[in-house]
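Let me begin by presenting the structure, written as structure tokens, before commenting on it.
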């Protein structure tokens, strides 16, 4: 958390809040958040005077495009952005503050302190970590069943582990993998390379539908996620399998089970997702 729908929601919110604003200065309170450059003073100096052009997304990463620079930000588990007036009290766990010339501030809060920021020249961000080895985007128009098959269809690992691997497909975390596999009727432990053409078609449709439906309602607020305006997502109320261990399946009525697949807690229905491969 947050996964693709939550990051996409933050992206859309920030596009409404900060595009056109010019950075006057930057305050860094927790140096380890800044990964590139490794000098926080150089980071702050480089950003001063630059104007936000747009906010884009690559997988679970935000790309804040400025005039002549690109800031790549990963929220990790609990990172969040919010726009404030400069005279508003700074809340606990606020680690980076972008002071704008109009008297507002974009503040980055992160209770767990796992988030990261990298600064690049435009285009350079795709040739270096952390974006250089990311897989296909499941919400791109170019994402088809065949693209999905190419990405994971030769993998000798569980389909769940393959989908969680950001080098194959980006942005789909634990919640949305469980939901997508349930919709597709595929057991999470089935080996990816054994999926049939029909299963790839079903899985592709399930991934796209699940992500689009979540984006439409602002993502899932399972723990502490909120968008840039402090609003919770609503998709957690539509989850059909994730977090419902011991409850009846919405399709067949069987008890939802939970196991560990690919090192992650995994929810599935033994009847709707038969282990026959």
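Quick notes on this one:
- Within a Gaussian network of the chain (alpha carbon springs, distance under 10 Å), most fluctuating of 253, 243, 82: 253
- The range 4-126: C-alpha gyration tensor shape, a/c 1.5 cut-off, then a/b vs b/c: rounded
- Fully extended contour minus Cα-Cα distance, from residue 102 to residue 41, at 0.36 nm per residue: 19.7 nm
- Here each label is just a point 7 Å from Cα along the line to Cβ, and for residue 209 and residue 67 those points are 4.7 nm apart.
- The range 177-200 and the range 94-169: distance between their alpha carbon centers, rounded to Å: 23 Å
- Applying 1/(1 + (r/R0)^6) with r as the Cβ-Cβ distance of residue 50 and residue 251 and R0 = 45 angstrom yields a FRET efficiency of 0.30.
- Approximate spin-label separation residue 140-residue 12, in nm, with each point projected 7 Å along Cα-to-Cβ: 2.1 nm
- Computed over the chain, the per-residue total of -39500 (n - 2.57) for DSSP H runs of n ≥ 4 gives a 222 nm mean residue ellipticity of -7500 deg cm²/dmol, rounded to 500.
- 28, 260 arranged by Cβ crowding within 10 Å, fewest neighbours leading: 260, 28
- For the chain, the longest principal axis of the C-alpha atoms and the axis of helix 197-216 are separated by about 40°.
- Rounded to 10°, Cα long-axis angle of helix 174-184 versus longest principal axis of the chain: 40 degrees
- Site pair residue 27 and residue 196 shows an inter-label distance of 6.1 nm when each label is modelled 7 Å from Cα along Cα→Cβ.
- Once the Cα atoms are used to define both axes, helix 4-17 deviates from the longest principal axis of the chain by about 30 degrees.
- Taking the DSSP bridge list for the chain and keeping only pairs wholly inside it, about 95 percent are antiparallel.
- Residue of 101, 22, 266 that the Gaussian network model of the chain assigns the largest fluctuation, springs spanning Cα pairs under 10 Å: 101
- When only alpha carbons of the range 48-188 are considered, Rg and Dmax amount to 18.1, 55 Å.
- Choice from 158, 259, 73 with maximal GNM fluctuation in the chain (Cα, 10 Å cutoff): 259
Read-outs throughout are calculated quantities, based only on the coordinates presented, and are distinct from any laboratory measurement. Keep in mind the model is a prediction, meaning the values are calculated, not measured. Neighbour counts run over all protein chains shown; Cβ positions are idealised from the backbone, glycine included.
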